Each structure stands twice: as structure tokens, then as C-alpha cells.
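Right, one structure below, let's go through it.
The values are calculated or read from the model by the stated rules, or taken from the named source; none is laboratory data. Just so you know, these numbers come straight off a predicted model, no measurement behind them. Cβ coordinates were reconstructed from backbone atoms using ideal geometry, including for glycine residues, and neighbour counts include every protein chain displayed. In case anyone asks, the SASA skips ligands and DNA or RNA and just uses the protein heavy atoms, side chains included. Shrake-Rupley method; radii C 1.70, N 1.55, O 1.52, S 1.80 Å.
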Amino acid sequence: MDYYQQWLQEEKDWIGAYQKKIIRMSILQVIPGTLIGLAALFGLLSVAGGNNFLEGAGAGLMLGILVTAFYLLILIPSLSPKRYVRKVKSAVKQLKMEEAEKQRLAREMIKATTDKERCISYAINGHGSKQTPARFRITPHYVLLEGSYPYAILVRLSDIAQVLADEETKTHTHYGTQIKRYEIFTLHTILFYKNPRMSPYESADYGMGFFDANIRNRCYELILRQIRENEGNGND
């Protein structure tokens, strides 16, 4: 059995479910709201200008159709499951795995997905994200975080000499119609070093970021626990 392809299909199905949810919400809520809002706005502007409401509403409706069509043309490709699977494959490629290791990775990830002790699923909310799905998984040999930025962060535990929890101050810019608003927040991180860190200013080899400190802490504890188990069992 090709576990690697089976795992990639599972990844595709997972992000595909989110794509369907967003498209369904857009069709049932966003698009009708935009069409009605623009039609009403242009109709009222037409009346204010001494013209017919229906003529203005018709113009607003036509504009709304163009806007929502453009919105869908951008939305659907951006949420393509194939696009996200390519990002997962890219993360695997960076670790330069042979075929046997890819199969081991896939078997462990498939098993971890259904294990609540090894898989933490959550939604990313705030600071520019709106309930986008994310998932952290820990296996005997690997750590995978997907859904954040970059989309897929894959770490081979045998490459890592030190893991630290840290915080970073970040700024997110909210763009309004006329003003920009800046939001300062704390990003809670897990930092991975291939060699023990000699200075707090030393860049990590891998980093995972979380908006929620509690989620970061849970993930961090799972990583430390797995490292201790590996040391006790002599796992590579």
C-alpha cells in the first residue's frame, strides 16, 4: 500500500471540506448580501438625485454581479485543495526524504490524525485570520503544523537538538476605506534548533507560531514528551 499517497489524499480531503464550507457561505451569505446592498445603495442614490429607484437599483445589481464574479474568481483558486497539497509536498521535499522515510512519515501522520493525544485541531481567528482551520500533529519521528504561515511546517525530531517556547511582538495592519489601523499582538512560538542555542538572538532553524498561548503550550508539552520518550527508547 502507498501510504504516502493515501496521506496526501487525506490532506486534500481535509482542506477540501474547508473550501466547500467557504464557498457555500459565500453563495448563501456574502454574494446575496453584496447584491442586495449595492442594489439598495444605488437605488437610494438614484432617488436622492431625482431619478427612478429601480433604474439605480438595476445599475447597483449589475455592479454587484461583476464584483461577486471577480470575488469568486479569486476565492476558488486560492482555496484549491491541490494547491495546499503541493505545499505539504514541498515541506516533505525540504527534508530530502527517501521513499522509505516518506512511507514512514505518512503512516505516522495517518495514525496521529485520529489520536487526540497526537492531533490538535483548532481555528485561527483574529490578526488577519478568520476561523481558518489549523492542525498540529506529533508522531514518534515528526512534528507537523499546517494552516498557519507558511502553510505546512514539517520538522524531523532527530534533526533537533533543542526546542524552546518563546513570544514575539507583531503588528497587523487593518485597512479601512479611509484609514489604516495598526494592531499590536503577541505571537506565541515554538522554536526548533538543530544545535543548542548559544544566544537569544540566534535564529531558529524552524519556527511555529500560535495566536493562542494555551494551544501553543499544549503543542509544546506534546513535543517535549515525545522527545523524552525517544530518548528513553533510543528512537532515531
Legend entry - residue 21 free of Cβ contacts under 8 Å to residues at least 40 places away in the same chain and surrounded by fewer than 13 Cβ atoms within 10 Å (Cβ to Cβ): no
Inset, instruction - Filter region 111-123 for residues that are more than 13 Å from residue 7 (Cα to Cα) and open to solvent by less than 100 Å² (accessible area, probe 1.4 Å) and give the result. - result: 115, 118, 119, 120, 121, 122, 123
Inset, instruction - Identify the residue in region 36-60 that is surrounded by 18 or more Cβ atoms within 10 Å (Cβ to Cβ) and modelled with pLDDT of 85 or more and, among all such residues, is nearest to residue 109 (Cα to Cα). - result: 38
Legend entry - Any chance residue 108 is closer than 21 Å to residue 9 by Cα, of a type in the set (Asp, Glu) and either open to solvent by less than 80 Å² (accessible area, probe 1.4 Å) or under 23 Å from the mean Cα position of the chain (by Cα) (or both): yes
Inset, instruction - Could you please let me know if residue 82 is surrounded by fewer than 14 Cβ atoms within 10 Å (Cβ to Cβ), touching a residue at least 12 places away in the same chain (Cβ under 8 Å) and within 27 Å of the chain's Cα centre (by Cα)? - result: yes
Legend entry - Residue tally, condition in a loop (DSSP other than H, G, I, E, B), of a type in the set (S, T, N, Q) and at pLDDT 90 or above, over region 133-174: 1
Legend entry - Check on residue 71, part of a helix (DSSP H, G or I), closer than 28 Å to residue 206 by Cα, touching a residue at least 12 places away in the same chain (Cβ under 8 Å) and among the hydroxyl-bearing types (Ser, Thr, Tyr): no
Inset, instruction - Enumerate the pairs (first residue in region 150-165 and under 14 Å from residue 93 (Cα atoms); second residue anywhere and open to solvent by 30 Å² or more (accessible area, probe 1.4 Å) and among the small types (Gly, Ala, Ser)) with beta-carbon separation below 7 Å, excluding pairs fewer than 6 apart on the same chain, so at least 6 apart or on different chains. - result: none
Inset, instruction - Give me a count of the residues in region 182-230 that are part of a helix (DSSP H, G or I) and among the aliphatic types (A, V, I, L, M). - result: 6
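Yes/no per residue for (1) among the polar types (S, T, N, Q); (2) within 16 Å of the chain's Cα centre (by Cα); (3) more than 30 Å from residue 157 (Cβ to Cβ):
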site: 18; (1), (2), (3): no, yes, no
site: 26; (1), (2), (3): yes, no, yes
site: 33; (1), (2), (3): no, no, yes
site: 65; (1), (2), (3): no, no, yes
Inset, instruction - Examine region 90-101 for a residue that is closer than 30 Å to residue 205 by Cβ, open to solvent by less than 20 Å² (accessible area, probe 1.4 Å), touching a residue at least 24 places away in the same chain (Cβ under 8 Å) and outside any helix (DSSP H, G or I), and state whether such a residue exists. - result: yes
